[in-house]
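A.B. asks: What follows is a structure written as structure tokens; I'll ask about it next.
Bear in mind these aren't lab numbers, they're just calculated from the coordinates by the rules spelled out. None of these values were measured; they are calculated from a predicted model. As a convention, Cβ positions derive from the backbone with ideal geometry for all residues, glycine included, and neighbour counts pool all protein chains shown.
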Amino acid sequence: MTSLDLPTPTTGFNPLDFAIVKAKTFEDLVVGETYRAPSRTLTDAHSSAFQTVSADNHPVHYDAVWARAHGHSAPVVHGLQVLAFTAPGATLFPHVIGEVFIAFTGLSCEFTAEVHSGDTLYSQLVIASLDVHDGKGKVTTAVTVHNQRGEVVLQGQHQYTLKLTPVS
């Protein structure tokens, strides 16, 4: 029994009635669908927290004098921190595919511009392709992160594997 087949208790309560958005199957997805995350303005506290978690202590990330001496206008936010803003969970996408999700199987990205404390980031996932392989749905999304000036600071792809709807 899957969560799609949950019995409704005698009280009439069904947990699926509390979904944030209506769930879709792989077959319901459409190339071009866009899932955006709320904007986020980065602060020094975000960078410090990420530095602590990642253990990346390169001075380009925290030493303004070092950063300027090496051609940067300010300390640079960790690239992996910017990549984290493309997490599907920052959008409604995992809620849409939650009942058929199997795995987040891959990603690629290119960092195209520096990000600094004070920048506001706007992330989105756009379904780029939908394929069936080995009896599973394969979804590729194009991911981008823009800053407040409209510059693309990251671009790349995510790949996901989803269950297919059984043919009756």
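A.B. asks: Over the Cα atoms of the chain, each weighted equally, I'd like the Debye log10 I(q)/I(0) at q = 0.12, 0.13 Å⁻¹, rounded to two decimals.
C.D. replies: Reported log10 I(q)/I(0), two decimals: -0.65, -0.73.
A.B. asks: Restricting to Cα pairs below 8 Å that are 6+ residues apart, what does the relative contact order work out to for the chain? Please round to a whole percent.
C.D. replies: 27
A.B. asks: Right, another one. State to the nearest 20 debye the size of the charge dipole of the chain about its Cα centre, where the only charges are +1 on K and R beta carbons and -1 on D and E beta carbons.
C.D. replies: Magnitude of the dipole: close to 100 debye.
A.B. asks: Further question on the same structure: So what's the back-of-envelope 222 nm ellipticity for the chain, counting only DSSP H runs of four-plus at -39500 (n - 2.57) apiece and dividing by all residues, rounded to 500?
C.D. replies: -4000 deg cm²/dmol
A.B. asks: Counting other Cβ atoms within 10 Å, which GluC sites (Glu not before Pro) in the stretch 109-168 have at most 13 and lie in a DSSP loop?
C.D. replies: Glu151
A.B. asks: Rg(Cα) of the stretch 100-168 divided by 2.2 N^0.38 Å?
C.D. replies: Here the Cα radius of gyration is 1.40 times the empirical estimate.
A.B. asks: Okay, moving on. What size of dipole, in debye to the nearest 20, comes out for the stretch 100-168 about its Cα centre when the only charges are +1 on Lys and Arg C-beta atoms and -1 on Asp and Glu C-beta atoms?
C.D. replies: With Lys and Arg at +1 and Asp and Glu at -1, about 320 debye.
A.B. asks: May I pose another question? Cα convex hull of the stretch 24-122: mean projected area in nm², to one decimal?
C.D. replies: 7.6
A.B. asks: Which whole-number percentage describes the relative contact order of the stretch 121-168, with Cα contacts under 8 Å and a sequence gap of 6 or more?
C.D. replies: Computed over the stretch 121-168, the figure is 34 percent.
A.B. asks: Among the aspartates and glutamates, which fall within straight-line cross-link reach of Lys163, defined as a Cα-Cα distance under 17 Å, with same-chain neighbours fewer than 8 residues apart omitted?
C.D. replies: Asp5, Glu27, Asp28, Glu99, Asp131, Asp134
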